[in-house]
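Notes for the one structure printed next.
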Amino acid sequence: MVPAPERSRLRFTLRLRSASSSIGCVLVLVLAWLLHPFPASADGPVFEDGDDLTALNSRRVPHKPADWAPLYQRVDKELQHKLDVEVASHRRWQQLVDQHRLGLCVVDLNSSPPRFARVNGNEMMYAASLPKIAILLGAYAAFEDGSLEEKPEYKDDLDQMIRVSSNDAATRMIDAVGMRKINATLRDPAFGLYDESRGGGLWVGKRYAKAGPRVGDPMHGISHGATPTQVCRFYYLLATGKLISSERSRQMLSHLQDPGLHHKFVAELDVLAPNARTYRKSGTWRDFHSDSVLVRGTEWRNYILVGLVQADDGGKLLREILRSIEGILQPTDWEGALPVSG
């Protein structure tokens, strides 16, 4: 039998050990939280506030990792209805849609979950320089698998190809990566950016030069083509860090940032949101006009917009379209809200 004084000392020791253990557990939990905070949105940007690319990300919408879904599964009935009504309210736009000469896609990244809507989303059109984003992906896929050495001169050419749409730089990168490699990457099920079951998609079938072979896409025979949906998917995968990898997505976004050409979508954004961060690639040839942009601004302005149009005044139409889409996306109670037609 343990004497009473010894029992008292034993109880005190056990209580002290229990309290020390509890304090230790709390400290471990606090340290773990500091090192690994709550995960960012699975469908939202993978980058942290303060990063060069995403200090602009103004509002996070929490998601669980399992919430991420392909863009095809993000079609939103309400947003689709608003887009259809807006297009129908502009007689010219509706005529072009009916003639298969206008295609649009929009992704609202500010909602939870993201919302997707499209008009003629699977309509493949000649897109001039816009498919240079496919060369960008092909180059980074080649860097990743080691088939192309990651040289500074290649990074410079990618910058020039995207920011100021240099045809010479694009041609050098096509030659370095290989046209077959670029299009094989687009058709790879891991990316699915050219998908015959969905009307085609991004395609690069010719150097951006007079000389060289021409290989039209398998469905339509277009040399430099795109569908609105596949271009939207390109930006959606980049914005969520899922194009090759989070780090490669970050690197590709760096080339798309701060465009050097201020026309079409960007010209309108210079008026509506001059401080917004834009990631963009456009294209123009004769009456074919295309534009694509990932916009990150303040509060509600967090979206992807893609437009392809065949019309003499296509550049002007794309500016009008961006303003109308912002009117759809902007909360109705936001001060200074844009008027929406229809």
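Between residue 312 and residue 332, the contour length at 0.36 nm per residue exceeds the Cα-Cα span by 3.9 nm. Sorting 121-130, 185-194, 229-238, 211-220 by average packing, meaning the other beta carbons within 10 Å per residue, from highest down gives 229-238, 121-130, 185-194, 211-220.
Each of 159, 291, 98 has some number of other Cβ atoms within 10 Å of its Cβ, and from fewest to most they run 98, 159, 291. The Cα center of segment 300-326 and the Cα center of segment 63-119 differ in position by 13 Å.
Per-residue 3J(HN,Hα) values for segment 244-259, derived from phi via the Karplus relation 6.51 cos²θ - 1.76 cosθ + 1.60 with θ = phi - 60°, read 6, 6, 4, 5, 5, 4, 4, 5, 5, 4, 4, 6, 7, 6, 6, x Hz in sequence order (x marks Gly and Pro). Spin-label pair residue 78-residue 247: with each label point 7 Å from Cα along the Cα-Cβ axis, the two points sit 4.0 nm from one another. Does a label point 7 Å from the Cα of residue 188, set along Cα-to-beta-carbon, have any residues of segment 242-282 with amide nitrogen under 20 Å, and which are they? Under 20 Å, as judged by backbone N against the label point of residue 188, lie 242-256 of segment 242-282. Taking the average, over residues, of other Cβ atoms within 10 Å as the packing measure, peptides 296-305, 133-142 rank 133-142, 296-305 from highest down.
Each peptide among 104-112, 145-153 gets the average number of other Cβ atoms lying within 10 Å of its residues, and from highest to lowest they stand as 104-112, 145-153. Across segment 236-266, the residues whose backbone nitrogen lies under 15 Å from the label position 7 Å along the beta-carbon direction of residue 272 are 263-266. Modelled spin labels at residue 100 and residue 67, positioned 7 Å past Cα toward Cβ, are 3.9 nm from each other.
The simple spin-label model puts a point 7 Å past each Cα toward its Cβ; for residue 220 and residue 197 those points are separated by 2.0 nm. Candidate cross-link partners of residue 181 among the lysines, defined by an alpha-carbon separation under 17 Å and a same-chain spacing of 8 or more, comprise 132, 206.
We did not get these values from a lab; they are worked out from the coordinates using the rules stated. All values reported here derive from a predicted model rather than from experimental measurement. Counting neighbours? That spans all protein chains shown, and the Cβs are built from the backbone with ideal geometry, glycine included.
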